[in-house]
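Okay, so here's the structure we're looking at.
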DNA sequence: AATCCCCCGTGATTATTATAACAAATGATT
DNA sequence: AATCATTTGTTATAATAATCACGGGGGATT
Ligand SMILES: NC(=O)c1ccc[n+]([C@@H]2O[C@H](COP(=O)([O-])OP(=O)(O)OC[C@H]3O[C@@H](n4cnc5c(N)ncnc54)[C@H](O)[C@@H]3O)[C@@H](O)[C@H]2O)c1
Ligand SMILES: NC(=O)c1ccc[n+]([C@@H]2O[C@H](COP(=O)([O-])OP(=O)(O)OC[C@H]3O[C@@H](n4cnc5c(N)ncnc54)[C@H](O)[C@@H]3O)[C@@H](O)[C@H]2O)c1
């Protein structure tokens, strides 16, 4: 089963190629988490209605998302928890273990290092980079920290494919440039509060905490008298 | 100028009520940051084309977003940097200084505390909450940390309106419940990797780092051979 | 086995968001 | 002043995403 980035409702394509919309992938991860929980609770079946209530989604949305991958539920009954869990797990599982690196071992970088989000069997964190002499050369959370000046060379040598950027805004572009120059980087997850420009074939995802807070406050302004 | 949360393209309403789509608000924050930078560089004018190039957006998107708030640009010329900066600042500025609290002073909570995202004149961080005895009673980054058992009472007394949730997933719902019980909370920004359920009139924004990483990996799988 | 209520899968519809296209305005140039 | 190259504001259109609505299994119950 192949898949690729796509803006639009998920559709089956003749050639066996499946294109899944980003909002659907996001919800698949939520379904996966929920199923994991239900699995642990030894729950046997669950309906789209129930999934929707637990995640704050419409039942029809849940059914549509799940139906993109074949008829996995049972009419009149619901979805078999373990089967659906395994199914979504297959969909989300990568076809390889990605090699990743984190640039900027500051407050946020260290928080990430300590968190389970970076302990996944989908990737292996192979290197850290920083320009702070007190960090370079250290082994932090079991991962060696290198000088960011050597980034291009080390990323190329280690064949790092994914970059997590937790450097200050001013260092984001130069860090991205150094990493991309290695030629191995396929994707970047950036937390910097600035836009970065990379070659077209590098996929960038941005997590912008300040923006989310601003949006919350903006819409609060309108909803409250 | 009033505004409220709304799913759909921004429209002027007769009554002077303006409804702005969330994607537009998100980009407004990006425009604001960029304008701040251009302002510091003493740039005088900028075109929608240039803004778009710097932020990775189409010029037509930029013009559309900016036009919701009246004719602020000058045809044949572009947008006057300082004027647009001030204008967006007005749009984004709250009609009050929000009182906020942060629950869960762990790795992520502390990273946020140290970051400028929580040093804004749009809100005042009034309280921290944790259930770790080594944190309760301390003053962390200048903010007092209270026992999470006392949350309802303290939030009510301090009239906290916005909550930042950085507790483990298992503590997210109980924390939200305790806070909401105070009756003063209007909005929540949660980083927990779980859904929380709150009354309809409480606005929830979620930042889910693991989900973003999962999405990146999923779409990498499809884009790479 | 007939009846009933349940609940999935899916095509149709609606809602939302992005892009394109162009008239109108602006300042520069001749 | 007329012409021209620009660049906005805005309407029209396209693209994307969510929801509805219903056909059709599925199993329990009588
Ligand atoms: N901390 C937060 O809660 C938070 C919230 C929102 C956004 N962010 C964003 O995340 C990023 C990191 O924030 P932070 O709070 O961890 O900052 P920080 O200052 O604590 O850490 C930044 C790290 O990057 C390193 N660094 C600086 N320049 C570098 C370079 N050229 N190459 C390699 N490393 C370099 C520094 O030595 C430091 O270790 C920033 O862009 C920030 O805007 C952070
Ligand atoms: N650290 C990260 O980079 C990261 C990444 C993605 C998601 N998250 C999410 O953010 C949240 C916090 O993560 P973290 O890494 O900071 O965890 P952490 O364990 O470092 O911190 C959690 C804090 O919450 C406190 N706490 C626990 N139960 C509490 C309760 N009932 N009331 C009040 N406080 C309580 C703990 O004492 C601790 O100080 C989690 O939901 C996590 O999934 C964190």
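Taken together, the values in this text are just the output of simple stated rules run on the coordinates, not laboratory data. The structure displayed is predicted, hence computed values, not measured ones. Neighbour counts are summed over all protein chains in view; Cβ atoms, including those assigned to glycine, are modelled from backbone coordinates with ideal geometry.
The table for this structure:
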| read-out | value |
| --- | --- |
| Degrees separating the helix A:169-181 axis from the principal Cα axis of chain A, which is the longest one | 90 |
| Position residue B:119, label points 7 Å along Cα→Cβ, spacing to each other copy in nm (shortest first, one decimal) | 3.3 |
| Helix axis angle, A:81-92 relative to chain A longest principal axis, alpha carbon, degrees | 40 |
| Shielding by other protein chains, A:198-211, mean Cβ within 10 Å | 5 |
| Tensor-based shape of the protein assembly as shown (alpha-carbon gyration tensor, a/c under 1.5 rounded, otherwise prolate or oblate) | rounded |
| Inter-copy label distances at residue A:156 (7 Å, Cα→Cβ; nm, one decimal) | 6.5 |
| Neighbouring partner chain Cβ atoms per residue of B:21-33, average, 10 Å criterion | 4 |
| Normalised contact order of chain B, rounded percent, pairs of Cα under 8 Å and 6 or more residues apart | 12 |
| Peptide-level mean, for B:185-194, of C-beta atoms on other protein chains within 10 Å | 4 |
| Nearest 10 degrees, 0 to 90: helix B:22-40 Cα axis against chain B principal axis | 70 |
| At R0 = 25 Å, FRET efficiency that the Cβ-Cβ distance of residue B:61 and residue A:89 yields, to 0.05 | 0.10 |
| Ranked by how many other beta carbons lie within 10 Å on average, peptides B:137-144, A:146-153 from highest | A:146-153, B:137-144 |
| Inter-copy spacing of residue A:134 label points, which lie 7 Å from Cα along Cα→Cβ, given in nm from shortest upward | 2.0 |
| Relative packing of peptides A:170-177, A:99-106, B:208-215 - highest average C-beta neighbours within 10 Å first | A:99-106, B:208-215, A:170-177 |
| The stretch B:136-186: C-alpha gyration tensor shape, a/c 1.5 cut-off, then a/b vs b/c | oblate |
| Ordering of A:154-161, B:123-130 by packing [mean C-beta count within 10 Å, highest first] | B:123-130, A:154-161 |
| DSSP-defined beta bridges in chain B - what % are antiparallel, rounded to 5 | 25 |
| Gyration tensor verdict on the stretch B:83-225 (Cα atoms; rounded if a/c is under 1.5, prolate if a/b is larger than b/c, oblate otherwise) | oblate |
| Percent of beta bridges antiparallel (DSSP, the protein assembly as shown, rounded to nearest 5) | 25 |
